[in-house]
Number of protein chains: 4
Amino acid sequence: MKQEKLPLARLRQLSEHMPFNRSLGLRVAKTHEDGVTIEIPIRDDMRNLAGVLHGGVSATIADAAVGIAVLRHFGGERACTTVDLKINYFRPISEGKVVARSKLIRVGNHLAVGTVELKDAAGNLAGFATATYMLLEWPARIKIKK
Amino acid sequence: MKQEKLPLARLRQLSEHMPFNRSLGLRVAKTHEDGVTIEIPIRDDMRNLAGVLHGGVSATIADAAVGIAVLRHFGGERACTTVDLKINYFRPISEGKVVARSKLIRVGNHLAVGTVELKDAAGNLAGFATATYMLLEWPARIKIKK
Amino acid sequence: MKQEKLPLARLRQLSEHMPFNRSLGLRVAKTHEDGVTIEIPIRDDMRNLAGVLHGGVSATIADAAVGIAVLRHFGGERACTTVDLKINYFRPISEGKVVARSKLIRVGNHLAVGTVELKDAAGNLAGFATATYMLLEWPARIKIKK
Amino acid sequence: MKQEKLPLARLRQLSEHMPFNRSLGLRVAKTHEDGVTIEIPIRDDMRNLAGVLHGGVSATIADAAVGIAVLRHFGGERACTTVDLKINYFRPISEGKVVARSKLIRVGNHLAVGTVELKDAAGNLAGFATATYMLLEWPARIKIKK
């Protein structure tokens, strides 16, 4: 049986339960057939020594973009945990927001893999990531209240 | 001419100028011949849906651990920017702190590569990362005040 | 000035000058606006213990798919060398051929990054890779005869 | 119960059953508490356009170095398959052999992760890799004859 995918409102609610995402102001902007678009508005406390967005914020949003896509894919009924994240940085982001568009390219029995395009507010490609999540089958450690 | 490496006190000072590191409470704990040890005390606002440390915080500290090692290696005289970060997650971290020990394994003319062991407060290996930095030769975008 | 891209016939000729590609029977099947499609027919001497295509062959074709796309992008006028390859394996390939479709997603001053979809003969996605090439500016170590 | 590790002679025998390893002349040189050292003598048919060792051969030996370490770790009693390989290339190898020393840094219930140092015949570090293997629990697809 195919799981019903989570609607946007529900995904937004869930993302508000994740403390680190919330502290970064992460927002689910859109859902797609194969993934999601999320964004983080840039704040001054997210910058690095060079004054641009810290790579750690981009890594966080890339990780989250695939995690939220997996969550949605399984209708919130399956827990998952990142086992691997790889991110390439192309250009610095200094203003506005960072936008991450994830696509699930593989959902297996144990692992799910997604790609992520990272863009700045003007739509320039700023980075690219691949994340692998392990799908947990055991009594999930998280209980999502409905 | 070999650059003189930055001492611990100076590295700590620099890390305080990086807004995102500061907002995470990142601390340089130790310098080594080939890298640094840095740590972030875990706060509740760094957790994910499962209640453990968000992978984005681990990615941030891994990225920073290599960046700070490169900064130190060149005596703070050379700017650098992450071009690639790859991180494997082995086990969740729920309490205490996350500790990152970086080692520069390659410093070339254009690129520097470092590995990072991520551990929890008890010393268990929680993850492993590899980061590649591009060494900037052009008039550096950052000016580090001494 | 924008470099003229290499035509298919020229790319094929070049690929025949690469001993390892030749020994694997690598063939350039198609060029695209943003990359190339190449393939390797599976031979029994390319299998692993499980009897399926060795991951090293997939890694080789992924690496080559981006390298050939870079070669083409610069009209064969610029040497390049792989600095980083990351590949995810989704499903084993046992018969027919392995097909790699590369896309250059970033061409900077020093680095070029491409993604690769790996498919089996039936068109099933068997893996996904990202490769980073350094663009060499110094007197190239290779001289491509025209 | 802890599995007895495979001795060197047995590992060598197994590696001879892997067609692609055999066709590259891969040899298990040494076993270690935490991994193995394997090597491939460089032949002219392993070169790329620049005349140096093709990155695909290095990727193959990196993949194999972790796979053989996993095989040994479980006494040959457990099948495994690569899910992810990441390799950084530092310097070209032109003569002699490529040597890969793997270390298993994580063996979990489902995944095993190893790092690999790639060196040339003179002992110079030529690259670094991380590979993730999925441990197969189902009736293994391979049957290793003893």
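Which of rounded, prolate, oblate describes the protein assembly as shown, given a ≥ b ≥ c as roots of the alpha-carbon gyration tensor eigenvalues and a/c under 1.5 marking rounded, otherwise prolate only if a/b is larger than b/c? Walk me through the numbers before you get to the answer.
Working: a/c = 1.35, a/b = 1.20, b/c = 1.12.
Rounded, since a/c falls under 1.5.
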Charge dipole of the stretch C:1-83 about the Cα centre (unit charges at C-beta), most positive-ward option of C:49, C:28, C:62 = C:28
Could you size up the charge dipole of the stretch D:8-135 around its Cα centre, putting +1 on the beta carbon of Lys and Arg and -1 on that of Asp and Glu, and report it in debye to the nearest 20?
-> 160 debye
Taking the protein assembly as shown and counting helices only, DSSP H stretches of n ≥ 4 at -39,500 (n - 2.57) each over all residues, the nearest-500 ellipticity at 222 nm comes to -7000 deg cm²/dmol
What are the ³J(HN,Hα) values, in whole Hz, obtained from phi via the Karplus relation 6.51 cos²θ - 1.76 cosθ + 1.60 with θ = phi - 60°, for each residue of the stretch D:79-94 in sequence order, with x given for Gly and Pro?
-> 7, 8, 9, 5, 10, 7, 9, 10, 9, 9, 9, 9, 8, x, 10, 10
Calculated FRET efficiency, residue D:95 and residue A:9, Cβ-Cβ r, R0 60 Å, to nearest 0.05?
-> 0.45
Quick one: work out Rg over Rh on the C-alpha atoms of chain B, Rh as Kirkwood radius.
-> 0.97
In the structure shown, of A:5/B:97; A:119/D:119; A:30/C:119; A:30/A:97; A:86/B:97; A:86/D:5, the pairs separated by more than 27 angstrom at the C-alpha atoms are A:5/B:97; A:119/D:119; A:30/C:119; A:86/D:5
Lys/Arg +1, Asp/Glu -1 at C-beta; the stretch D:39-146 dipole; positive extreme among D:88, D:135, D:113 | D:135
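We did not get these values from a lab; they are worked out from the coordinates using the rules stated. Everything numeric here is computed off the predicted structure, so don't read it as measured data. Because the Cβ atoms are built from the backbone with ideal geometry, glycine has one as well, and the counts that use them run over all protein chains shown.
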